[in-house]
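Asker: One structure, pasted below without further comment.
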Amino acid sequence: MSDLYAVLGVSPEAFEDDIRRAYRAAARRLHPDVNPHRGAASQFREITAAYEVLGDAVERARYDQKRRQQPPENQYFTLKVTPSSRIVPVLSEPQVLYLLVELVPDFSLTATNAHLNLTLVIDHSTSMNGLRLERTKVAAHRLIDQLTANDVLSVIAFSDRAEVLVQAAPLTDKNAAKAMITTLQASGSTEIYQGLQAAYEQNRRYASKNFANHIILITDGRTYGDEEDSLALAQRCVAEGIGISAMGIGEEWNDAFLDRLASTTGGTSHYINSPNVVQRFLEERLRLLGQAIVERVTLSLAPDPDVTVENAFRLSPSAQPLSHESDPLMIGQILPRLSTSVILTLQLPPIPQPGFRSLIRLAASGDVLWNNRGAYQAVADISIEAMVKPPAEERPMVILDALSKLSLYRIQQKAAEAAARGDIREATRKLETVATRLLESGQTELANVAMAEARRLSSTRTLSEEVHKALKYGTRRLLLPSGE
Amino acid sequence: MKICPYCAYSNREGVLFCEECGQILYTEQETTPSTKRLPPGTGGVSAKGGWGTARFNPSATILLQIRDNPTPIEIVPQQETIIGRYDGSTASTPTIDLTPYGAYENGVSRIHAAIRRGEDTLTLVDLGSVNGTHLNGQRLIPNQPRVLRDGDEIRLGKLVCHIYFKTSN
């Protein structure tokens, strides 16, 4: 049960007048008639529901009594929001403000050994033949070794058809599951939708609020014509509480598509440049899922009508661009003693007058797996002060650090976009810029990759898929706290 | 509007890294002080007498004993171990961050010096620091490596430390 007072942003001792005023203020900002943002509509519905109880003396008394009888609920996680500057200048033109949004878990929550409901989806098309498929099999075997009988596993093999190798069930016979994977032979072409569809059917059988439900897709091929169907399926996964992570081996696969698949569901997409590291990525994924204390974390964004969210990027526990066209954003998991963080880029309207103004209301929700406590929500309402001459202030290091790396990722994307529309001169220049910036930050290896490609581009006229993926996922990985 | 000094792109107010080229758009002073310049002739430290061995066992580690600090820093030497202070504003990170030892107050540059591995020796190189690197009292010429010996005294700005080779057995 969410705390209605927190939803409305008033104290439990508030007078009737205060409650009415809080509701009216929220309505002026978030009512669908004045605010076109999708998140505003859904958050306003919640606020209205809270007001229907607290705004009515009889209902409120009944709610208060119920509230008193319950033990005070733990704050499983809190929202900590740091703006790039605390005071913005009064300005007649739009300006940009960054917000670092951290979902900080209560430090007393330790690893749960969350029960996993995992579905492995393995591409066994012809191109996987040889080392790729063999390493994937080994990695799958290692994964099975690490699971327990409390975990549910299913395995799908797909090419242009899907085949259920291991039916979803608690993993009691590891050897049988491994044997099924060993039999896998390469043949056929890649149709991701087939694999995902079968995975969805298997995973949902055990999908529950107390599990970390996840589909892990391993592929090396480009799928044709079924991208939209796959993304629609990803939406159905979200509805059932299932996340999707994707690992692309080699250069052929469609990175924009796999990114969207993962971003839509709160998962992560990875580039695997050599079959030898499949295992490492799979283990990393398993570790993250297995430790989760909160799953299916979402972040709803309700900016004021004149504020726009331009961009959202998850920094931790794994770096991933988030799709913010739909609300809420799917964030994934919160791990013990580690904040899950997202950086938002906001555009503020012209601010003609000094003073405080509201910016955005954030609502983060998730299923607390720790002791199966269920749904929990934290809300934050962010406002900022504007001054004619704001004093010089120290920029928060965390934001500077994240933005400097994020800007590398963005320029690299611009290089790819320029190359895609045939503007080789612009693409070359952007690649050189990326190389320079990478060199400045001590990433010599990645810098050399960018530099070599910038030189090659004038003759090849197209950005090589390998370099594109190496740079895209390489710069993304720089964002991880460990800088791996 | 903020014009990028690097690529002349017009960025909106509040943008911290140029949206076109990634150039830092906020000024350095706003965030971190740069290396403090010390008056010349400060911190006179005398050269130490006697020489330790210059031979560095490949499996050994280095102990860096910073003056007035009870516990030495143990370093597993890389091909190049960069000593300096991390401040987050520049993307470069030294391998050994001396911030907790009063690096800023003592005039240690962000990228101050490096210890490099040779065949079976170690060398110390000043990487163009503001207040200089002294080896046994002598100021090093930037970018010219000097062989390190067990027990040598290194001074980074005003921060004095001793280096010891620790053989693991």
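The values are calculated or read from the model by the stated rules, or taken from the named source; none is laboratory data. Source: prediction; values computed, not measured. Quick reminder, even Gly has a Cβ in these numbers, built from the backbone with ideal geometry, and neighbours come from all protein chains shown.
Asker: Since A:ALA392 meets every condition but one in (1) touching an Asp or Glu at 6+ places or on another chain (Cβ under 7 Å); (2) at pLDDT 90 or above; (3) within 14 Å of chain B (Cβ to nearest Cβ), which condition does it not meet?
Answerer: Evaluating A:ALA392 over (1) touching an Asp or Glu at 6+ places or on another chain (Cβ under 7 Å); (2) at pLDDT 90 or above; (3) within 14 Å of chain B (Cβ to nearest Cβ) leaves (2) as the failure.
Asker: Answer with yes or no whether A:ASN74 is surrounded by fewer than 16 Cβ atoms within 10 Å (Cβ to Cβ) and under 24 Å from A:SER187 (Cα atoms).
Answerer: Taking the combined requirement at face value, the residue does not satisfy it.
Asker: Residues in region B:10-25 that are of a type outside the set (Gly, Ala, Ser) and more than 7 Å from chain A (Cβ to nearest Cβ): how many?
Answerer: Going through region B:10-25 one residue at a time, the tally reaches 7.
Asker: Going by what's in this entry, would A:ALA364 be described as outside any strand (DSSP E or B) and more than 11 Å from chain B (Cβ to nearest Cβ)?
Answerer: When the stated conditions are applied, A:ALA364 does not pass them.
Asker: Under the condition of being in a loop (DSSP other than H, G, I, E, B) and of a type in the set (Ser, Thr, Tyr), which residue from region B:77-92 is nearest to A:LEU400 (Cα to Cα)?
Answerer: B:SER89
Asker: Filtering region A:194-233 down to residues that are in a helix (DSSP H, G or I) and of a type in the set (D, E, K, R), which residue is surrounded by the fewest Cβ atoms within 10 Å (Cβ to Cβ)?
Answerer: The residue in question is A:GLU228.
Asker: Find the strands (runs of 3 or more DSSP E) located wholly in region A:242-311 whose residues include 1 or more that are in contact (Cβ under 8 Å) with a residue 12 or more places away in the chain and within 17 Å of A:GLN146 (Cβ to Cβ), and list them.
Answerer: A:243-249
Asker: Still on this structure, I have one more. Of the conditions (1) within 10 Å of chain B (Cβ to nearest Cβ); (2) touching a Ser or Thr at 6+ places or on another chain (Cβ under 8 Å); (3) not polar (S, T, N, Q), A:ALA419 clears all except one; give me its number.
Answerer: If we test A:ALA419 against (1) within 10 Å of chain B (Cβ to nearest Cβ); (2) touching a Ser or Thr at 6+ places or on another chain (Cβ under 8 Å); (3) not polar (S, T, N, Q), just (1) comes out false.
Asker: Sort out which residues of region B:112-124 are modelled with pLDDT under 90 and either crowded, with 19+ Cβ neighbours inside 10 Å or not assigned by TED's automatic domain parsing to the domain that holds B:ASN69 (or both), and write them in order of number.
Answerer: Matches in region B:112-124: B:LEU122 only.
Asker: Does region A:8-21 contain at least one residue that is of a type outside the set (S, T, N, Q), outside any loop (DSSP other than H, G, I, E, B) and under 31 Å from the mean Cα position of the chain (by Cα)?
Answerer: yes
Asker: Filter region B:97-134 down to the residues that are farther than 19 Å from B:HIS162 by Cβ, part of a loop (DSSP other than H, G, I, E, B) and not acidic (Asp, Glu) and list them by number.
Answerer: Scanning region B:97-134 gives B:TYR104, B:SER109, B:ARG110, B:GLY118, B:LEU127, B:GLY128, B:VAL130.
Asker: Let me ask something additional. Residues in region A:455-473 that are closer than 24 Å to A:ASN254 by Cβ and more than 25 Å from the chain's Cα centre (by Cα): how many?
Answerer: Total meeting the criteria: 7.
Asker: Can I ask one more? With the checklist (1) within 25 Å of A:GLY9 (Cα to Cα); (2) at pLDDT 90 or above; (3) within 14 Å of chain B (Cβ to nearest Cβ) in hand, flag the one item A:ILE384 doesn't pass.
Answerer: (2)
Asker: Right, next: Quick check, is A:GLN235 more than 23 Å from A:SER42 (Cα to Cα), of a type outside the set (Gly, Ala, Ser) and at pLDDT 90 or above?
Answerer: It is false that A:GLN235 is more than 23 Å from A:SER42 (Cα to Cα), of a type outside the set (Gly, Ala, Ser) and at pLDDT 90 or above.
Asker: Please determine whether any residue of region A:33-53 is more than 24 Å from A:LEU299 (Cβ to Cβ), hydrophobic (A, V, I, L, M, F, W, C) and in contact with a Phe, Trp or Tyr (Cβ under 7 Å, 6 or more places away or on another chain).
Answerer: Yes, some residue in region A:33-53 is more than 24 Å from A:LEU299 (Cβ to Cβ), hydrophobic (A, V, I, L, M, F, W, C) and in contact with a Phe, Trp or Tyr (Cβ under 7 Å, 6 or more places away or on another chain).
Asker: Take region A:234-259 and flag every residue that is farther than 19 Å from A:LEU471 by Cβ and out of contact with any His (no Cβ under 9 Å at 6 or more places or on another chain).
Answerer: The answer is A:ALA234, A:GLN235, A:ARG236, A:CYS237, A:VAL238, A:ALA239, A:GLU240, A:GLY241.
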